[in-house]
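J.: Quick one: the structure is below, and I'll ask about it shortly.
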Amino acid sequence: MFTYSSHPKPVEIRRYRDLNQLQYGNIMYDRRVVRGNLHDQQVTSKNNNSDPGMQQRQQAYRRRAIARKQSKEQLKTKTPEAIQGRQHVVVQTGETLYSFLEELSNIIQVSEIDCQTDEFLDKPSTPLFVPAKSGVDVETQIEEGDLFDFDLEVQPVLEVLVGKTIEQSLLEVMEEEELACLRAQQRVFQELRNNELAEVQRLEEQERRYREEKERRVAQQKEVLKKEQETAEKIAARVFSQQYLAGLLPAVFSSLRRHGYFYDPVEKDISVNFLPWLIAEVNKQLDKRYTAREVLDNIIYEVTLKRLEDFKHLKFGQDCSDS
């Protein structure tokens, strides 16, 4: 028998809106118009928005439902973890299917039975394959000397073998003699070649020495010619310089003498050292004399002023006495 019971829900109190409070406007800005995707969207009624108590009761109901669901999941028997190398397949079942599941309470009686098998025997050897006979067996009698005479038949074979052996031996001897001749010729050719190579090396060395000697002689000759040319240039330069300096030296010496580069040491010492010292000492004496004269002039001037004042006082006294 199947039974179903729903969870208790609070009774919604219907409230009618006041027609006088309706405000008409643009529905694009109306909050009651749902926009976008409607899946997984919580739609709350206007009664819940208008009643705060109803909202609190619904929130408490949701919290209780979530807690109840979590407790059921904790009590539910879970599948053990998969072993290494395997994985579980997720199968979605509805909650209503749990009502169709029933626990198996019938326990089947079982018992363990074992048995022992014989050990494996060695495989026997495989017999040889013998094909089945076919046809009819017959026999005949052959006397001695009817089919084959060895002494008569072996003679041509022996002649061929001996002839081939002797021919092969002669060929090998001839080949060895030919090889010996070739080695002798090769030895003679090698000696001639070595002699020719030695002669070629001697000629190359001689040519090299001749070439080096020639280059050395040419270098020496070039050096001699270069030195001769330098000597000729030096002689020409010396002759030219002598001819050029013949009239230049007197003029240079006279010019240097005029400009004071050639001088008498005593005269130079008098003009450089003695005369400046003498002039400085004379200037000092003159400065002292000028200073003494100025001092004497000042003294005479002061004495004169003093005599003049005394004379004025004396003259003023005589005038006063006369009057």
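The values are calculated or read from the model by the stated rules, or taken from the named source; none is laboratory data. For clarity, every value in this text was computed on a predicted model and none was experimentally measured. Here Cβ is always computed from backbone atoms with ideal geometry, including for glycine, and neighbour counts include all displayed protein chains. Ligands, DNA and RNA are stripped out before the accessible areas are found, and what is left, the full protein with its side chains, is counted by its heavy atoms. Shrake-Rupley method; radii C 1.70, N 1.55, O 1.52, S 1.80 Å.
J.: Which of (1) modelled with pLDDT of 85 or more; (2) surrounded by 10 or more Cβ atoms within 10 Å (Cβ to Cβ) does Pro156 not meet, given it meets every other one?
T.: Pro156 satisfies all of (1) modelled with pLDDT of 85 or more; (2) surrounded by 10 or more Cβ atoms within 10 Å (Cβ to Cβ) except (2).
J.: Looking only at segment 252-273, which residues are surrounded by 10 or more Cβ atoms within 10 Å (Cβ to Cβ), in a helix (DSSP H, G or I) and not polar (S, T, N, Q)? Reasoning before the result, please.
T.: Of all residues in segment 252-273, those surrounded by 10 or more Cβ atoms within 10 Å (Cβ to Cβ) come to 252-257, 261-263, 268-273.
Next, from what is left, pick out any that are in a helix (DSSP H, G or I): 252-257, 268-273.
Those that are surrounded by 10 or more Cβ atoms within 10 Å (Cβ to Cβ), in a helix (DSSP H, G or I) and not polar (S, T, N, Q): Val252, Phe253, Leu256, Arg257, Lys268, Asp269, Ile270, Val272.
J.: Same structure, new question: Exactly one condition in (1) open to solvent by 100 Å² or more (accessible area, probe 1.4 Å); (2) more than 60 Å from the chain's Cα centre (by Cα); (3) modelled with pLDDT of 90 or more is false for Ser169; which is it?
T.: All conditions pass for Ser169, except number (1).
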